[in-house]
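One structure is given below, encoded as structure tokens.
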Amino acid sequence: MFRLLYMTFFGDYRGAQVDAHGHGHDAHGHGEPHESPMVMLVPLMILAALSLVGGLVGIGNRFEHFLAPVFGAPEAVEAASRGTEMLLMGVSVAVALSGWWLAYLLYYARPELPQKIADALGGFYQTVAHKYYVDEIYAAVFVKPLIDGSTRILWQDVDRKIIDAAVNDAGDGARHVSDEARHMQSGNIRSYAGWIAAGSAVVIAFMIWMGVR
């Protein structure tokens, strides 16, 4: 959090250069940094104030007793002593202040230190920076095989060679059959009469054969 604070509001400006007229735009079309409008700034100020003093509400369990008529007093729960509560609160504040001091030292007072520390740690820093390569291992073990299998088996073999081929072959077969049947319609009246006569002869022969039997 404090690193973000110092990287954003302190040090050298890392945005787009501003021209002589005070205008500047980066690759995304944003201008020079400016404060948010009051409709956004006021709620942020209220939330910031509550984040600073909100923890004080629970000191001495006053807030818990205030809500007891609504939610009921917690049963079988031993409340921490005031000393323990103050100790834990002090530890959390000390940790936050330590983070603030480290952020000030590393990213404002001596901004060259982070790179020196990264170079000194070597491979360990790279491992931590890559989150112990968990994402890379997950991608190699699960994501890449799934994508390759989907591409080669489901898409190339199943989709293209089976499903698409079946549809395309059915269309080609229907086109060939219709093309062959189309040649029967020659427009020659004598040919039509000959086919009718041949068909009639076949029917008559079949009926005679059935009658003989």
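Just so you know, all these numbers are worked out from the coordinates, no wet-lab data involved. The structure presented is a predicted model; accordingly, all values stated were derived computationally and were not measured. Quick reminder, even Gly has a Cβ in these numbers, built from the backbone with ideal geometry, and neighbours come from all protein chains shown.
Listed by chain and number, the lysines whose alpha-carbon sits under 22 Å from that of Lys131, ignoring those within fewer than 8 places in the same chain, are Lys116, Lys144.
Distance from the C-alpha centroid of the range 95-139 to that of the range 196-211: 96 Å, rounded to the whole angstrom.
Which GluC sites (Glu not before Pro) does the range 109-213 hold that lie in a coil by DSSP with at most 16 other beta carbons within 10 Å?
Glu112
Treating r as the C-beta distance of Phe9 and Leu121 and R0 as 25 Å, the FRET efficiency rounds to 0.35. Dipole magnitude for the range 130-188: about 100 debye, using +1 per Lys or Arg Cβ and -1 per Asp or Glu Cβ, origin at the Cα centre.
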